[in-house]
Every structure is written in C-alpha cells, then in structure tokens.
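Read through the structure below, which is laid out as structure tokens, and then see the notes.
Quick note: the coordinates plus some simple rules give every number you see, no bench work behind them. All of these numbers come straight from a predicted model, not from anything done at the bench. Positions of Cβ are backbone-derived with ideal geometry, glycine not excepted, and every protein chain shown enters the neighbour counts.
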Amino acid sequence: MKTFEELGVLPEICKAIQEMGYETPMPVQEEVIPFLLEGGNDIVALAQTGTGKTAAFGLPLIQKVNVQKCVPQALILCPTRELCLQIAGDLTDYSKYIQNLKILPVYGGSSIESQIRSLKHGVHIIVATPGRLLDLIERKVAKLETIRNVVMDEADEMLNMGFSDSINAILEKVPADRNTLMFSATMSSEISRIAQTYLHNPKEVVIGTKNEGNRNVNHIAYIVHAKDKYLALKRIADFYPQIYGIIFCRTRKETQEIAEKLIQDGYNADSLHGDLSQSQRDYVMQKFRQRHLQLLVATDVAARGLDVNDLTHVINYGLPDDTESYTHRSGRTGRAGKTGISIAIINLREKGKMKAIERIINKKFTIDILPSGTDICKQQLIKVIDDIEKVKVNEKEIETFLPDIYRKFEWLSKEDLIKRVVSIEFNRFLDYYQNAPDIAQPAENKKKENRQEPKTNKQKLNRKAEKGYTRLFLNVGKSDGVYANQIIELINRSLKKERIQIGRIDLMQNFSFFEVNESQAEMVIKALNKTKYNGRKILVEMAEPNNGKSDKNGKKTKKEGKTKKDKPSREERGYTAPRGKKDDWKQFFQQNTKSNDNPGFEKKKSIK
C-alpha cells in the first residue's frame with residue numbers, strides 16, 4: 001500500500017495529516033490525489049460519505065494554491081452549513097504548516113457583512129453553500145474569474161435540495177477552462193446531466209459499485225406491527241448501551257414526537273428538523289458532536305450534509321420512499337474503515353421497499369428477532385461492570401473520605417457490596433423488563449409470499465384489519481390524485497393535537513381503505529368527515545368485513561333480485577299494446593298513432 005508521500009503530497013501537508021492520525025491513504029484518495037496533482041482534468045467520483053473524500057480533493061487543492069496571489073483559486077460547493085464548516089475546518093487542519101493560506105467558509109445563517117469583509121481582504125479557497133455564494137456574486141463581492149478548480153461535494157444532495165439552478169448560475173461565472181470535480185454517493189440522471197454539461201471528458205472513479213451501500217455497514221431489519229414500532233425502538237436502544245446514533249423519521253412531527261417520548265422515558269436524546277431555528281439547530285448539533293447526546297432524532301432534510309464521526313448506529317424508524325435516501329442514511333455510520341450498523345424497524349407493508357433497497361445496495365438485510373428482556377438486562381449489566389472498571393479514581397481527593405466510607409460498608413461482605421453497586425443502575429432495567437411481554441412479530445402467509453403474486457383489488461377488499469386496528473373506508477382514491485402520503489397528511493392535518501397510529505393503507509381507483517388504532521377510530525371518523533379534499537367532501541366510515549360480492553365501500557352485498565311476483569306489469573313498464581296477433585297490432589297502431597285527431601298520444605316504448 002502506498003504512503004501519502006508516494007502519492008506526491010508535500011512534506012508540510014503530510015506532517016499535518018500524520019498529526020491528525022492519517023497513516024495510509026484510503027482507496028478514493030489513492031485514485032484521486034495523484035490524478036489531480038499530475039494536472040489531470042475533470043473527475044466524477046462515486047463514493048459513500050466517510051470514505052475520505054474531503055482529503056482526496058482537499059490535499060491537492062491546498063498543494064496547487066499559489067499563496068503569493070491572494071485571489072480565489074479553488075471553490076468547493078456543498079449542500080449545508082454544517083458540511084461547509086466541516087470541510088473548511090478539515091482544510092485548515094491539513095494546511096496547518098502552509099503559511100498565509102486563507103480559507104473562507106461562506107454559508108447562510110451567519111453575518112454576510114463579515115463574509116464580505118473577508119472576501120475583500122482576499123482568500124485562496126472558498127467553501128460555500130450555493131444560495132449564499134450566489135447572493136455574494138450578485139452583490140459583486142465574490143469574483144470567480146480566477147478560480148482554477150471547482151469541487152461539488154455531496155452533489156446528489158445539493159440537487160435533491162433544489163440547488164440545480166443555483167449551481168448552473170455559479171458555474172457560468174467560473175472560467176470554462178477550470179477543472180471540475182464532482183463527488184457523489186449516488187449516480188442519478190441529474191448528476192449525469194450536469195457532468196455532461198459542465199465536465200470535459202471526466203475520469204470516473206467508483207469506490208465499490210455505483211449506488212452501492214458502504215461495505216462496512218451491516219443491515220438489520222426488525223419486522224413488527226406498526227403500533228409496536230416505538231417499543232421496538234426502545235428495546236434496540238437498551239440492547240446497545242453504548243449506542244451513538246441517528247434515528248431517521250419521515251416527518252417533522254414524527255421526529256419531534258419520538259424525541260419527546262425518548263426524553264420522557266429517560267433517554268439521552270434530542271430532535272433535529274426544519275422547524276428549529278438556526279441557533280437551536282447549532283445548539284443540538286454541538287451537544288451531539290460533543291457526545292452529550294446519545295441519540296439524535298432527525299428528518300432526512302435536516303440531516304443532509306451532517307458530518308459526525310464514529311456513529312455506531314443508524315436507525316430507520318420506517319424506510320424512506322427512495323433508495324437513495326437510505327444509502328445516505330446508512331452511509332453515516334461505518335466510516336473511515338470502522339464498522340457500523342444500520343437498523344430498519346418496519347412492518348410487513350414495507351418489505352417491498354426493503355427488497356428494492358437490497359437490489360440497489362447489493363446487500364441483504366438480516367431479518368432479526370427483537371432482543372428479549374433477559375438479553376437487554378445482560379447487556380446493561382455488562383455496561384455497568386465496564387463503567388466500574390474504567391472509572392478514573394482520584395486518589396488524593398478521595399483519600400480523606402475513605403475511612404468514613406470503609407466504616408459505613410464494614411458490615412457488608414465483598415460479594416454484597418458488588419451486588420449493591422451493580423444494582424444501582426441495573427435495577428431499573430430489571431424492573432421494566434421483568435414482566436414485559438415479548439413484542440409479537442406479524443404473521444406472514446408464506447405460501448402467498450413464495451408465489452410472489454401481486455395484491456389484486458379483490459385481495460385488498462377482502463382484507464381484515466391487523467390486531468388492535470380498525471379498517472376505515474375513505475371515499476377518495478387514485479383517480480382523485482390521492483396516495484398514501486396524502487392520506488397521512490389529511491389525518492395529521494385534521495387531528496393536529498393527536499398522534500394517530502396509522503396501519504395499512506390500501507388504494508383503489510375511486511376509494512381507499514386505511515387502518516387506525518381501534519381506540520382512535522371514532523375520533524378519526526368524526527374529524528375527517530368535517531373536511532374536504534380538493535373541494536370534495538370527505539366521507540369516512542367503518543369498513544365491514546367482506547363475505548360475498550363487494551360494493552363500492554368494500555362491503556359485501558347479497559344478491560337481492562326481485563321475484564316474479566314483484567315484477568311490474570306490462571302496463572307499469574310502459575307497454576299498452578295488446579297480446580294479440582298481427583291484425584290486433586295493426587289496429588292498435590291505427591288507433592294510437594299521433595295525429596291531429598289524437599295529439600296527446602306519447603309512445604311509451606318503441607316496438608319493432
């Protein structure tokens with residue numbers, strides 16, 4: 001394996017990175033660093049977060065800067081302020097022994113006046129979020145005519161966040177003969193389009209396989225009923241006492257609720273979502289980076305560009321709709337050569353998503369059984385013992401107190417003393433899990449799964465609600481532009497102060513079914529029946545089980561044909577002609593054909 005010196009990195013830079021703990025180059029660094037130092041042109045590098053991308057582009061950029069010319073020579077674009085500060089900090093550390101090199105982070109949420117002053121005094125490398133940089137360009141403060149190298153880090157995230165137009169506008173201000181480097185975890189069609197537009201014969205560097213998940217991450221799935229997801233989350237957190245991880249939720253509301261419940265239950269947790277102010281967000285992130293928090297509950301959007309080292313776990317409180325989001329989530333653990341665990345807490349309806357993710361990341365989920373109370377107590381007991389072993393004893397400070405302590409404990413044997421010390425922390429888990437029932441796993445129809453038959457409308461109509469849930473009928477469906485997320489949003493909007501537990505959702509063409517916790521069913525019906533969707537009045541009612549042919553509500557109906565006795569007479573059905581021979585019909589028409597003599601006649605039924 002090559003060293004950084006063998007890759008061509010300057011001794012001053014090597015000295016700095018060795019002090020940071022860098023010993024040997026990572027695969028992406030071995031590929032990118034020599035290419036850039038040798039004057040190579042454009043690069044598209046596909047590699048997961050945490051594989052050493054910052055050093056891969058950062059070391060050559062620092063080395064190629066002419067410190068004597070205090071003008072912008074390199075530009076690094078990234079999606080969030082957190083990543084912007086992280087990259088700028090890393091570059092500053094790498095260039096510790098490079099005299100007079102100026103690196104400026106440019107991002108929203110901080111004083112634009114101070115950034116303007118720094119730009120006017122002169123900088124060599126700008127690290128920026130697209131929105132703030134475009135603002136500075138329009139103010140004619142950020143001048144990019146001297147830029148020789150442009151890096152787009154987390155390019156797929158920037159495009160997902162809607163920065164496509166801003167990136168296009170920025171790249172148009174940079175000289176056409178610059179080098180452009182795109183670093184991305186996934187290769188999307190938009191990434192390909194930008195590469196074709198702005199890059200010239202780029203070298204493609206792929207670490208692993210395109211869109212593949214990090215090889216150092218183990219993927220585990222726990223399949224539970226929807227109502228048991230939070231209990232499952234608690235068991236997972238308790239089973240890993242040293243956990244330091246991120247819990248991903250789908251919505252801001254769910255993120256806040258899960259964080260609040262964890263805090264109430266005594267867990268060291270907090271939330272990160274779009275409703276927080278920048279100062280609140282910074283405060284939460286500071287606590288998390290300093291490990292004053294063990295669990296950070298976050299949405300995908302809030303966690304974009306989040307760069308935290310040494311995460312042990314990523315927990316998916318349900319799977320995201322797109323596989324790229326899962327790749328980014330799981331890529332936040334197992335970084336810098338370390339191993340990590342990505343856990344998914346899902347219900348049976350999410351198994352299809354899980355299979356799709358497996359195909360993309362080229363890895364299989366391990367379907368596991370939730371740890372029992374005994375398993376959890378054992379893990380917690382080991383943690384208490386480890387903490388006692390590792391505790392630092394201040395001999396001088398404690399010495400004066402020891403005689404009183406010994407006197408206090410002299411009636412206890414060594415064994416009794418150990419039991420009592422261990423039990424101080426252990427008892428609360430023992431009390432909680434001693435009588436706690438195991439969380440039931442949803443039953444599957446294995447024959448149906450083996451056949452891999454698609455779920456037809458008939459099967460959806462015939463379904464029964466999961467245990468503890470009530471199945472409801474909703475009078476809007478796919479033809480009204482309604483899908484699962486719209487139904488969830490409609491419920492949440494109508495019951496803002498309640499946390500509704502939603503189960504399976506079945507979408508039909510003109511109507512839908514959804515399940516809610518049986519204790520909340522009446523409340524949901526009452527609330528939704530007061531609402532409208534796109535101007536149409538919503539109707540929600542109980543969906544009765546099917547036993548025969550389904551009506552539009554999914555209710556079974558019996559055939560209620562009329563008997564001959566109930567059949568209306570010919571006269572009632574509009575026939576007035578006699579049941580006679582041809583001559584009788586001729587006479588009937590002559591008498592009843594409309595004429596001046598008989599103007600009021602109306603033919604009840606045309607007769608051939």
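At 25 °C and 0.890 mPa s, grab the translational diffusion coefficient of the range 1-96 from Stokes-Einstein with a Kirkwood Rh over Cα pairs, rounded to a whole number in µm² per second. Could you put the intermediate results ahead of the total?
Numbers: Rh = 14.0 Å.
The calculation lands on 176 µm²/s.
Along the Cα-to-Cβ line of Lys355, 7 Å from the Cα, sits a label point; which residues in the range 499-542 have backbone N less than 19 Å from it?
504-507
Starting from the 7 Å offset along Cα-to-Cβ, what nm value, one decimal, do you get for the label separation of Glu257 and Glu113?
4.4 nm
For Ile247, list long-range residues whose amide hydrogen, built 1.01 Å from N in the peptide plane, is under 5 Å from its own amide hydrogen.
Leu296, Val297, Ala298, Ile315
Return the FRET efficiency for the residue pair Lys414, Lys496: r is the Cβ-Cβ distance, R0 is 60 Å, and the value is rounded to the nearest 0.05.
After rounding, the FRET efficiency stands at 0.55.
Looking only at Cα atoms, what is the convex hull volume of the range 314-444 per residue, in Å³?
Expressed per residue, the convex hull around the Cα atoms of the range 314-444 is 170 Å³.
Return the sequence-ordered ³J(HN,Hα) values of the range 88-97 in whole Hz as given by the Karplus equation 6.51 cos²θ - 1.76 cosθ + 1.60 applied to θ = phi - 60°, using x for Gly and Pro.
4, x, 5, 5, 5, 5, 4, 9, 3, 9
Subtracting the Cα-Cα distance from 0.36 nm times the residue separation, let me have the gained length for Lys96 to Lys140 in nm, one decimal.
This chain segment gains 12.8 nm when fully extended.
Which cross-chain or sequence-distant (5 or more) residues have an amide H under 5 Å from the amide H of Val206, H modelled 1.01 Å from N in plane?
Leu46
Please list 3J(HN,Hα) in residue order for the range 461-469, calculated via the Karplus relation 6.51 cos²θ - 1.76 cosθ + 1.60 where θ = phi - 60°; whole Hz, with x for glycine and proline.
Along the range 461-469, the couplings run 5, 7, 5, 10, 5, 4, 4, x, 10 Hz.
Give me a comma-separated list of calculated 3J(HN,Hα) values for the range 402-413, in order, Karplus coefficients 6.51, -1.76, 1.60 applied at θ = phi - 60°, integers in Hz, x for any Gly or Pro.
Per-residue couplings from phi come out as 4, x, 5, 5, 4, 4, 5, 9, 5, 7, 9, 6 Hz.
Please compute the contact order of the range 264-413 in relative form: average sequence separation of alpha-carbon pairs under 8 Å and at least six residues apart, divided by the residue count, as a percent. Numbers along the way, then the final one.
Numbers: 111 pairs, mean separation 23.3, N = 150.
Result for the range 264-413 is 16 percent.
Just grab the label-to-label distance for Ser277 and Val71, each label 7 Å out from Cα along the Cβ direction, in nm (one decimal).
4.2 nm
For Val141, list long-range residues whose amide hydrogen, built 1.01 Å from N in the peptide plane, is under 5 Å from its own amide hydrogen.
The list, which skips near neighbours in sequence, is empty: none.
If R₀ is 25 angstrom, what is the calculated FRET efficiency for the pair Asn309 and Asn362, using the beta carbon separation as r and rounding to 0.05?
Working from the Cβ atoms, E equals 0.50.
Can you give me the Rg/Rh ratio for the range 266-362, using Cα atoms for both radii and the Kirkwood formula for Rh? It would help to have the intermediate numbers written out before the result.
Details: Rg = 14.1 Å, Rh = 14.5 Å.
Here the Rg-to-Rh quotient is 0.98.
When only C-alpha pairs under 8 Å and at least 6 residues apart count, what is the relative contact order of the range 319-383, in percent?
30 percent
Label-point separation (nm) for Glu6 and Asp404, each offset 7 Å from Cα along Cα-to-Cβ?
6.3 nm
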